[in-house]
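Before any comments, here is the structure.
The values are calculated or read from the model by the stated rules, or taken from the named source; none is laboratory data. Just so we're clear, the structure is a prediction, and the values are computed from it rather than from any experiment. Here the Cβ positions follow ideal geometry from the backbone for every residue, glycine too, while neighbour counts run over all protein chains shown.
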Amino acid sequence: MQQERNQKLRVRILVKAFPQPSTKYEETVCVAAVSEDTREFLRLFPIRYRRLPAEHRFQRFDQVTLTATKATSDPRPESYRVDEPSIKVTGKSGDLSPTSKVALWSPFVSPSLSVLQSDQKQSGRSLGIIRPDAGSIRFKIAPLAESTPDDQEVASHVFEQASLLEDPLRPLAKPEFSFSYTFVSGGKQHTYQIHDWEVQAAFQEYQRRYGSGALAKMEEQYGQKIPFQNLHFIMGTMQKRPWQFIVIGLLRSSIAPEDLKRQQILI
């Protein structure tokens with residue numbers, strides 16, 4: 001993609017990371033998306049998601065048009081700075097079939113986390129997707145205080161500054177628990193905390209529905225069901241540590257990328 005200013009982009013959303021506090025923007029959400037025109041994997045920021053008009057609050061796999069500029073303050077090659085008022089939802093997730101959704105993201109799947117890390121060292125690549133080795137996925141729940149300092153920094157939302165021009169946002173509930181996956185990729189075992197907004201939102205919804213049974217419901221859904229839904233992890237690096245990947249989102253589907261490739265060969 002040419003690095004010119006004010007590019008009009010048409011993207012499909014893959015994930016929204018958990019909102020992070022910002023002294024300049026109040027709070028922001030980092031978004032990973034795929035360009036429908038150039039088929040590039042993009043990082044879009046800063047987006048004050050909860051400040052967007054309701055009709056422009058996008059969900060996973062929604063089509064969004066927006067104006068963005070290649071970020072000069074962020075050396076990661078996929079990063080684009082968004083003109084927030086330009087964001088418009090122009091298509092819904094339901095417009096895409098399960099096969100079309102997998103076709104959208106499958107080109108970005110790396111053979112293993114080690115390969116993705118090697119790509120980062122060689123090209124600066126900071127976004128990618130991996131699939132854990134079959135049968136290796138274990139879901140873990142722990143108090144957030146037991147997470148690493150880096151994970152606590154990413155996961156903990158502390159409302160730092162209210163806007164002087166707008167009514168302050170209602171502070172989000174600070175995460176109580178960390179949700180992680182231990183898995184094997186390319187023969188190596190890893191443990192990564194999940195920083196997808198959807199995971200914390202799911203826990204809060206389960207708390208409303210099931211009360212003290214919320215953690216058991218998380219284990220049932222994320223530990224017993226999702227790992228068998230062709231689970232893939234969206235991996236992204238942090239700006240301050242561009243070599244360090246974290247899990248920023250989960251992808252699951254009724255069709256595996258390798259099955260899609262076989263179908264394409266038969267057509």
Q) Any idea which residue in the stretch 224-255 is nearest to THR148 (Cα to Cα), counting only those that are over 19 Å from the mean Cα position of the chain (by Cα) and not basic (Lys, Arg)? A) GLN224
Q) Would you call ARG50 of a type outside the set (Ser, Thr, Tyr), over 15 Å from LEU9 (Cα atoms), assigned to a helix (DSSP H, G or I) and modelled with pLDDT under 95? A) yes
Q) Filtering the stretch 59-111 down to residues that are in contact with an Asp or Glu (Cβ under 6 Å, 6 or more places away or on another chain) and of a type in the set (S, T, N, Q), which residue is farthest from ARG125 (Cα to Cα)? A) SER93
Q) Residues in the stretch 116-163 that are part of a helix (DSSP H, G or I), touching a Lys or Arg at 6+ places or on another chain (Cβ under 9 Å) and either modelled with pLDDT of 95 or more or on the phi > 0 side of the Ramachandran plot (or both): how many? A) 2
Q: Give the number of residues within the stretch 88-115 that are among the small types (Gly, Ala, Ser) and in a loop (DSSP other than H, G, I, E, B).
A: 2
**Q.** Criterion (in the same structural domain as ASP119 (by TED's automatic domain parsing) and either assigned to a strand (DSSP E or B) or at positive phi (or both)) met by exactly one of GLN200, GLN193
**A.** GLN193
Q.
Looking for something of a type in the set (A, V, I, L, M, F, W, C) and assigned to a loop (DSSP other than H, G, I, E, B) - is there at least one such residue anywhere in the stretch 225-246?
A. yes
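Each row is one residue, and each column tells you yes or no for (1) surrounded by fewer than 17 Cβ atoms within 10 Å (Cβ to Cβ); (2) at pLDDT 95 or above; (3) in the same structural domain as GLY249 (by TED's automatic domain parsing).
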position	(1), (2), (3)
PHE45	no, no, no
PHE61	no, yes, no
THR65	yes, yes, no
ALA68	no, yes, no
ALA71	no, no, no
ILE87	no, yes, no
